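The values are calculated or read from the model by the stated rules, or taken from the named source; none is laboratory data. All values derive from a computational prediction rather than experimental measurement. We place every Cβ from the backbone using ideal geometry, glycine too, and count neighbours over all the protein chains shown. We work out accessible area using only protein heavy atoms, side chains counted, and drop any ligands, DNA or RNA first. Shrake-Rupley method; radii C 1.70, N 1.55, O 1.52, S 1.80 Å.
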Amino acid sequence: MTDLLEGDLLGASIDANGNTVGNLKAPEDLHHAATKGYVDDVAAVQLPKAGGTTTGAIRFVPAILTDGPTITIDAAAGNNFTVTLAGNRTLASPVNPPQAGESQEIRLLVAQDSTGGRTLGFAAAFVFSTDLPAPVLSTAPGAVDVLAFRFAPGAGKWLLVGLNRGFPGT
């Protein structure tokens with residue numbers, strides 16, 4: 001047998017015939033994870049905070065942010081977010097940041113609408129460096145930029161740690 005995941009699935013295993021063994025919360029998700037290497041419903045599977053091993057691809061569905069004059073990320077909703085800008089916008093301070101002593105990385109895929117030329121401003125919770133100043137987004141209609149931020153628990157700020165600009169729209 002191969003041990004799978006801890007947390008809600010502590011002790012869960014799948015034998016050589018694909019049968020679930022142990023105390024399972026969602027056997028169909030575990031079987032899918034063991035045979036396909038990924039799960040479709042991440043809420044059904046929790047990984048341990050320390051230790052353990054995963055193999056195969058880890059796939060996710062990004063949280064779709066609501067476009068509006070001010071865009072807010074709920075950091076508790078995941079690590080990957082997407083939004084299509086239909087006007088000039090401001091990214092608000094994320095709500096539900098990590099608890100004291102914890103950190104988190106989030107990735108934000110920002111797409112221009114069919115008009116393009118949209119801008120994105122940033123709340124004071126976002127911090128930029130000499131190497132990665134506040135980004136100016138790609139302006140072509142449909143263009144896609146990806147921003148990565150890491151939460152600095154001591155400062156309570158989100159640091160820009162990655163930027164990829166100018167992907168063609170899909």
Quiz item: Would you say T82 is modelled with pLDDT of 95 or more, polar (S, T, N, Q), more than 17 Å from L159 (Cα to Cα) and outside any loop (DSSP other than H, G, I, E, B)?
Solution: yes
Exercise. Mind listing whichever residues of the range 52-68 are open to solvent by less than 50 Å² (accessible area, probe 1.4 Å) and out of contact with any strand residue (DSSP E or B) (no Cβ under 8 Å at 6 or more places or on another chain)?
Key: A57
Practice problem: Could you tell me whether T66 is hydroxyl-bearing (S, T, Y) and outside any strand (DSSP E or B)? | Solution: yes
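Output the residues belonging to the range 151-170 that are assigned to a strand (DSSP E or B), over 11 Å from P97 (Cα atoms) and not aromatic (F, W, Y).
Looking only at the range 151-170, we keep the residues that are assigned to a strand (DSSP E or B), and these are 151-152, 157-167.
From what's left, over 11 Å from P97 (Cα atoms): 159-167.
Those that are assigned to a strand (DSSP E or B), over 11 Å from P97 (Cα atoms) and not aromatic (F, W, Y): L159, L160, V161, G162, L163, N164, R165, G166.
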Quiz item: Does the range 69-94 hold any residues that are closer than 21 Å to S114 by Cβ and either of a type in the set (S, T, Y) or open to solvent by 60 Å² or more (accessible area, probe 1.4 Å) (or both), and which are they?
Solution: P69, T82, T84, N88
Quiz prompt | Residues satisfying the stated conditions in the range 121-135, i.e. under 17 Å from V110 (Cβ atoms) and either crowded, with 18+ Cβ neighbours inside 10 Å or among the β-branched types (V, I, T) (or both) | solution = F122, F126
Exercise. For the range 100-111, state whether one or more residues are at pLDDT below 95, open to solvent by 50 Å² or more (accessible area, probe 1.4 Å) and of a type in the set (D, E, K, R).
Key: yes
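Would you mention how many residues in the range 136-150 are under 23 Å from P98 (Cβ atoms) and either open to solvent by 60 Å² or more (accessible area, probe 1.4 Å) or in a loop (DSSP other than H, G, I, E, B) (or both)? Before the answer, list the steps.
So the first thing to find is which residues in the range 136-150 are under 23 Å from P98 (Cβ atoms), and the list is 146-150.
Still in the list and also either open to solvent by 60 Å² or more (accessible area, probe 1.4 Å) or in a loop (DSSP other than H, G, I, E, B) (or both): 150.
Qualifying residue count, the range 136-150: 1.
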